[in-house]
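Here the structure comes first, spelled out in structure tokens, and everything after it is commentary.
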């Protein structure tokens, strides 16, 4: 299995090579398609006026970063991705279709993806499986520990005032729910997990800072979430994954990428999943 660092470098290089002046994000690809001598890949970017060449039997969906356009091209054909919309250079008119889904109106996709780095659950440690960003509302917090740890306690404090806003009872399960209203949008909080063994050994996991995103961000995501969750539209689900990655919502992104992998065993999705697992401190198999 590749190390997280190698995966990270691979992801960043593959994204950067096409993201100098990106106009669209590839949200679905079947078969083979190339541009400037390189194969296109899922969640890769296409620059303004860049041509995409699709082989026979292939299909690519280009989701425009701004404006909400979603273009579907079916090979064999050649398409130029212009700022105002795609232009068919080779092929017949029925090989290119363009629509603007209602859920994409006013929604801007990220113009770059930067996953950052992750860590590992090392021997003797506790691990909080939490991302650095959370959406407002009720939160279910999941954590891991070696089998010798039997009791846990989670404390959440405001990073600015140092006031404790939530403290759990002694826990035996590996998850706890923080009620809605405890964490305010726009605030930063420190999460501290403590564990103890039956022999009396006590340990603390490294404190983690978490930002609760604004309600405005949550509202903007709602339409994309509703569309992706109510349909099996692969490109809509990929658009949502890209937005989750943009905002650093790793838990939601992991759930999203796992659903996509059930539909397509894409290497790019597998790499993203592994990086997210690392970031969320899940132990490697």
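Coordinate-derived values only; no laboratory data. Keep in mind it's a predicted model, so treat the numbers as computed, not measured. For neighbour counting, all protein chains shown are included, and Cβ atoms are generated from backbone atoms with ideal geometry for every residue, glycine included.
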Query raised in the report: Against the longest principal axis of the chain, how steep is helix 250-263, in degrees 0 to 90 to the nearest 10, with axes from Cα atoms?
Result: 50
Query - Within the chain, helix-based [θ] at 222 nm, where runs of 4 or more DSSP H residues each add -39,500 (n - 2.57), nearest 500 - result: -8000 deg cm²/dmol
Requested in this report: Starting from the Cα coordinates of the chain, work out the convex hull volume and express it per residue in Å³.
Outcome: 137
Report task. Among 235, 270, rank each residue by its count of other Cβ atoms within 10 Å, from fewest to most, as a rough exposure measure. Result -> 270, 235
Query raised in the report: Share of antiparallel DSSP beta bridges in the chain, in percent to the nearest 5?
Result: 95
Report task. Could you sort 203-216, 247-260, 67-80, 48-61 so that the peptide with the highest average Cβ count within 10 Å comes first and the rest follow in order? Result -> 247-260, 67-80, 48-61, 203-216
Query raised in the report: For 188, 155, what ranking results if the residue with the fewest other Cβ atoms within 10 Å of its Cβ goes first?
Result: 188, 155
Report summary line: D (µm²/s, integer) via Stokes-Einstein for the range 162-280, Kirkwood Rh across alpha-carbon pairs, 4 °C, 1.567 mPa s: value 77
